[in-house]
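I have placed the structure first, in the form of structure tokens, so that the comments after it can refer back to it.
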Amino acid sequence: MTSPTKLLAVAGLGLAVALAGCTPAPTDADPTPRFASEAEAFAAAEATYREYVKALNEVDLSDPETFEGVYAWTTGEANAGERKTLSQMHADGWTVSGHTVMADFHGLAATVEPEDEPTVTAVVCSDVSEVRVTDSSGKSMVGPDRRDTYALEVRFVLKEETPTLLIDSSTAIEDARCA
């Protein structure tokens, strides 16, 4: 017969082994930055925006499944805005034709220190001269005063669960580089 003391000792040992498996791995005392330089961060942000534009150009407003590519490149405020806008355009029966082109990219700021959340801010010049949007009756929904190219200040973030930067926010601004 097993004594209660031995049983408690075995149970205690089992609990200690189980808890040891739950102990977090030691943290790196000297974490490496996600980007080696601002230039590398800007290049990653530009690549992200190019992929976002590619996904945007593949949207078919009659097929909400095509929206997923756009959502995959956005997070936060930008993702919420895209979901609202694309869903409303779909519900209203609008169509879009033509392609958006990223005409230029200007990196403004990047955090590359390992202790900081990786972020990049840039001005993107977006050429929409070939984009047409019509409602269900075929009437153009593009304002007569829409510029062919406009400036956006875009904020990119790097999330733990994604290997690439994501677009977190995008705001139309005035910038002579995009005139």
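The values are calculated or read from the model by the stated rules, or taken from the named source; none is laboratory data. Everything numeric here is computed off the predicted structure, so don't read it as measured data. Counting neighbours? That spans all protein chains shown, and the Cβs are built from the backbone with ideal geometry, glycine included.
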(request) Could you please tell me which pairs satisfy a Cβ distance under 6 Å, a separation of 6+ or placement on different chains, a first residue in segment 119-138 that is under 23 Å from Ala91 (Cα atoms), and a second residue that is assigned to a strand (DSSP E or B)? (result) Arg132/Ser97; Val133/Val96; Thr134/Thr95; Thr134/Ser140
(request) Output the number of the condition that Asp63 fails; it satisfies all remaining conditions of (1) of a type in the set (D, E, K, R); (2) touching a Ser or Thr at 6+ places or on another chain (Cβ under 7 Å); (3) loosely packed, with under 14 Cβ neighbours inside 10 Å. (result) (2)
(message) If Glu38 meets every condition in (1) in contact with an Asp or Glu (Cβ under 7 Å, 6 or more places away or on another chain); (2) at pLDDT below 95; (3) among the charged types (D, E, K, R) apart from one, which number is that one?
(response) (1)
(request) Evaluate segment 142-159: report whether one residue or more is touching a residue at least 12 places away in the same chain (Cβ under 8 Å), more than 26 Å from Glu65 (Cα to Cα), assigned to a strand (DSSP E or B) and in contact with a Lys or Arg (Cβ under 8 Å, 6 or more places away or on another chain). (result) yes
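Being of a type outside the set (A, V, I, L, M, F, W, C) and part of a loop (DSSP other than H, G, I, E, B) is the filter; apply it to segment 160-179 and report the residue that is surrounded by the most Cβ atoms within 10 Å (Cβ to Cβ).
Looking at residues that are of a type outside the set (A, V, I, L, M, F, W, C) and part of a loop (DSSP other than H, G, I, E, B), I get Asp175.
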(request) Exactly one condition in (1) within 25 Å of Glu174 (Cα to Cα); (2) among the hydrophobic types (A, V, I, L, M, F, W, C); (3) at pLDDT below 95 is not met by Val112; state its number. (result) (1)
(message) Given the criteria in contact with an Asp or Glu (Cβ under 6 Å, 6 or more places away or on another chain), closer than 20 Å to Ala122 by Cβ, assigned to a helix (DSSP H, G or I) and modelled with pLDDT of 95 or more, does Val53 qualify?
(response) no
(message) Exactly one of these conditions fails for Val142: (1) within 14 Å of Phe42 (Cβ to Cβ); (2) surrounded by fewer than 17 Cβ atoms within 10 Å (Cβ to Cβ). Give me its number.
(response) (1)
(request) Give me a count of the residues in segment 57-92 that are touching a strand residue (DSSP E or B) at 6+ places or on another chain (Cβ under 9 Å) and either part of a loop (DSSP other than H, G, I, E, B) or hydrophobic (A, V, I, L, M, F, W, C) (or both). (result) 10
(request) State all residues of segment 124-144 that are of a type in the set (Lys, Arg) and at pLDDT below 95; if no residue qualifies, say none. (result) none
